[in-house]
Amino acid sequence: MSARAYLKPIALVSIITALALLGDALLYSILPLYAGSLGISTFMVGVLLSANRWVRLATNTWAARSFARWDFSGIMLAVVLLTALSTAVYAFPLGAALFFLARIIWGACYSHLRLGGYLVALKASGQSLGLALGTIQSVSRLGSIFAVLGGGLLADRFGYSWALAAAGLLSLGAVPFVLRLDGSDANADRQGTGTAWDSPSREQPHGSLSAAFASTAGLITHLVAWGMVLSTLSAVLQERVGQGAVLFGQLLGIATVAGAVTAINWLSTLVVSPLAGRLCDRWGRRGPFLLATLLQAGSLLGIAVADGIYTTIGLFAVFFVLTNAQKVFLDAAAGDAAQRQGAGAVSRYNSWQDLGSAAGPLLGYGLAAVLSFSTAYVLGAILLVGVALLGTVDSGRERRVAGAG
């Protein structure tokens, strides 16, 4: 069945995710900047920003079982309400312990949000799976764009607490969209987490990637991009420009600058993700992934040695464009496996990604404390080159790898 037939549920799930992501995206942008006033150490910032990813190592499997057992719409409604609550907690100086608990709750919620999007997209045919996944990624990140731009301005003008309270309140706007969901469009695996879909994707000559490689690459790329770089971006910019910078003749606070640069990540996905989906549907997963990863490593090396603010921002922009394309290529490869093996394959792939994303902030801030952010970025570039080289020898065939499950 074509992705077009599922345009409505794809749109609904994307909007729901976009609204749920408001608080999470804003935290990455402004929590490092206000940590001191909240009584949180730099190391604790890394712990908080990674905690929601560590918990997903357990809750990804839980999410697959939840969707197999319970109503899709009911799950999504519960997730939206808990997401808004966990975001609102950060608006008050409640201490690191409650902040940590809120991140755990948000992580469990995101396991369900993400798998819900996959379950809708996987109903598309193999020929348009990449486009379906790219569309969901594109639309869902509208919330992140709004959060880092609008939230950064709110934080600079009215304070940290007002910005987080607004994000929590706006997250509740997802409720009407949840009520329009039809669970029959997504509950494809009611008998368990391992049943394959009826329309397996067609193997693309010289262009496929194995499920084992997709999981390995997901671990490394999320460690570097979605873990280390995204969580340290605000701190890197603050280190280079101080409390503000003059951009295009305007003096902007560091929260606004960091929010604008982070927004490039989410803004680029609006165009990049659907195009990347079409590209890998036509040319396969392997070639586009290898090219994007090597160029991504080069841009990260450039950030490590750059000193001008415009150069730094430009290289971050290139890095984010390549990162968003790369994610679609890997998601499509994992989707190929899921169409053969069922939702369990996606759950395992997501867990490897989350392991990388969870370790990334700890690696970035840990290396910065001992050495420097530039050193951390050089190491990240080396890891990306390594995974690209590994991809050149991947057979694209399924095989058992110890620990892959």
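A short reminder: the numbers here are calculations on the coordinates, not readings from a lab. Bear in mind the structure is a predicted one, so any value in this text is a computation, not a measurement. Reconstructed Cβ throughout: ideal geometry from the backbone, glycine too, with neighbour counts over all protein chains shown.
For the reader, a short list of remarks on this structure follows.
- Three-way shape label, segment 259-312, alpha-carbon gyration tensor, a/c 1.5: oblate
- Global form of segment 268-387, assessed from the alpha-carbon gyration tensor, a/c cut-off 1.5: oblate
- Each part gets one Cα centre, and for segment 1-68 versus segment 345-367 those centres are 13 Å apart.
- Cut-off 13 Å between beta-carbons: net charge of the residues surrounding Ala306, Lys and Arg +1, Asp and Glu -1: -1
- Calculated FRET value between Ala11 and Ile104, using beta carbons and R₀ = 41 Å, to 0.05: 0.85
- Packing rank of 152-164, 85-97, 225-237, where each peptide gets the mean count of other beta carbons within 10 Å, highest leading: 225-237, 152-164, 85-97
- Contact order for segment 3-392, expressed relative to its length and based on alpha carbon pairs under 8 Å spaced 6+ residues apart, stands at 28 percent.
- Net charge dipole size for segment 3-392 [Lys, Arg +1 and Asp, Glu -1 on Cβ; Debye, nearest 20]: 500 debye
- Note on Val393, Val321, Val175: ascending count of other Cβ atoms within 10 Å places them as Val393, Val175, Val321, the fewest first.
- Relative exposure of Trp54, Trp352, judged by other C-beta atoms within 10 Å (fewest first): Trp54, Trp352
- Added length on full extension, which subtracts the Cα-Cα distance from 0.36 nm per residue, Leu57 to Ala78: 5.5 nm
- Highest-first packing order for the peptide set 373-379, 17-23 is 17-23, 373-379, based on the mean count of other beta carbon atoms within 10 Å.
- Cα-based shape type of segment 3-392, given that a ≥ b ≥ c are square roots of the gyration tensor eigenvalues and the cut on a/c is 1.5: oblate
- In nm, spacing of pseudo-spin labels at Phe43 and Thr311 (7 Å Cα→C-beta vector): 3.4 nm
- Working ranking of peptides 281-288, 353-360 by packing, defined as the average number of other Cβ atoms within 10 Å per residue, highest first, is 353-360, 281-288.
- Dipole orientation for segment 1-120: of the candidates Phe92, Val47, Ser73, Ser73 has the Cα lying most toward the positive pole (charges on Cβ; Lys, Arg +1; Asp, Glu -1).
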